[in-house]
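Chemist: Mind having a look at this structure? Questions to follow.
The values are calculated or read from the model by the stated rules, or taken from the named source; none is laboratory data. A quick note: this is a predicted structure, and the numbers were derived from the prediction, not measured. Here the Cβ positions follow ideal geometry from the backbone for every residue, glycine too, while neighbour counts run over all protein chains shown.
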Amino acid sequence: MAKVDIKGVNKSLVFVFTNGSGEEYETILKNRFESNRQLFEGSPVSFQGEGLQLLSHAEVVALQRLCLDYGMVLHNIHTPSRGAKASGEDLFIYRTLRSGQKLHSEGSMIIWGNVHESSEITAAKDIIVLGRLDGTAHAGCYGDVDSTIFALNLAPKQIRIGDKISRAPGDYVKHPVPEMAYVEGGNICIKDYSPR
């Protein structure tokens with residue numbers, strides 16, 4: 001029988017998944033969220049448990065999306081799946097990240113939506129935002145300066161790649177064209193994106 005234990009740890013919620021399918025987990029969580037929306041809204045959430053190992057990447061993403069739909073903040077999310085590589089898993093988000101939300105990926109991160117100004121996103125590899133990036137983004141967060149940040153509208157509060165940090169100047173005028181940020185010569189460079 002599917003089971004999800006929810007524990008409060010250091011002002012965060014930890015969801016522990018055991019013995020179930022993605023569909024069962026979704027039903028359990030949705031019922032819990034609906035029964036006490038105020039408890040969950042705005043709470044940082046992390047996923048744990050052996051049950052995650054039996055889920056596909058898409059099933060884990062669906063659970064993450066459900067948490068975001070109920071206003072939670074994803075924290076320390078790991079996305080194990082069958083055939084996972086040692087370098088970690090890419091994270092796909094199909095919604096806009098609201099102000100104050102934080103998201104981390106152990107691989108690359110791809111967001112179909114906008115990243116609001118006070119949101120923070122970090123990834124071990126590349127970050128791709130198919131929308132407007134206004135928040136803070138850190139690609140290559142474990143020191144990989146070969147990572148890149150791409151957005152259809154790149155207007156971040158701050159970007160980091162590896163150990164390099166860059167901020168837009170106060171008088172910077174943003175042109176809404178696809179751009180990418182990368183490290184060259186020890187500095188973060190930004191250029192218009194053009195397909196190879």
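Chemist: Does the stretch 23-47 hold any residues that are of a type in the set (Gly, Ala, Ser) and modelled with pLDDT of 90 or more, and which are they?
Modeler: Within the stretch 23-47, just Ser35 meets the criteria.
Chemist: Go through (1) closer than 16 Å to Leu91 by Cα; (2) in a loop (DSSP other than H, G, I, E, B); (3) at pLDDT 90 or above for Val145 and report which single condition fails.
Modeler: Only one criterion in (1) closer than 16 Å to Leu91 by Cα; (2) in a loop (DSSP other than H, G, I, E, B); (3) at pLDDT 90 or above is unmet by Val145, namely (1).
Chemist: Look through Val145, Val129, Val177 and report the one residue that is surrounded by 19 or more Cβ atoms within 10 Å (Cβ to Cβ) and of a type in the set (Val, Ile, Thr).
Modeler: Val129
Chemist: Being modelled with pLDDT under 80 and either surrounded by fewer than 15 Cβ atoms within 10 Å (Cβ to Cβ) or under 10 Å from the mean Cα position of the chain (by Cα) (or both) is the filter here; which residues of the stretch 79-99 pass it?
Modeler: Arg82, Gly83, Lys85, Ala86, Ser87
Chemist: Separate question: Based on what the data block shows, is Leu103 part of a strand (DSSP E or B), touching a residue at least 12 places away in the same chain (Cβ under 8 Å), aliphatic (A, V, I, L, M) and crowded, with 20+ Cβ neighbours inside 10 Å?
Modeler: So Leu103 fits the description; yes.
Chemist: Let me ask you something else. Across the stretch 109-119, what is the total count of residues that are surrounded by 18 or more Cβ atoms within 10 Å (Cβ to Cβ) and over 15 Å from Ala58 (Cα atoms)?
Modeler: 3
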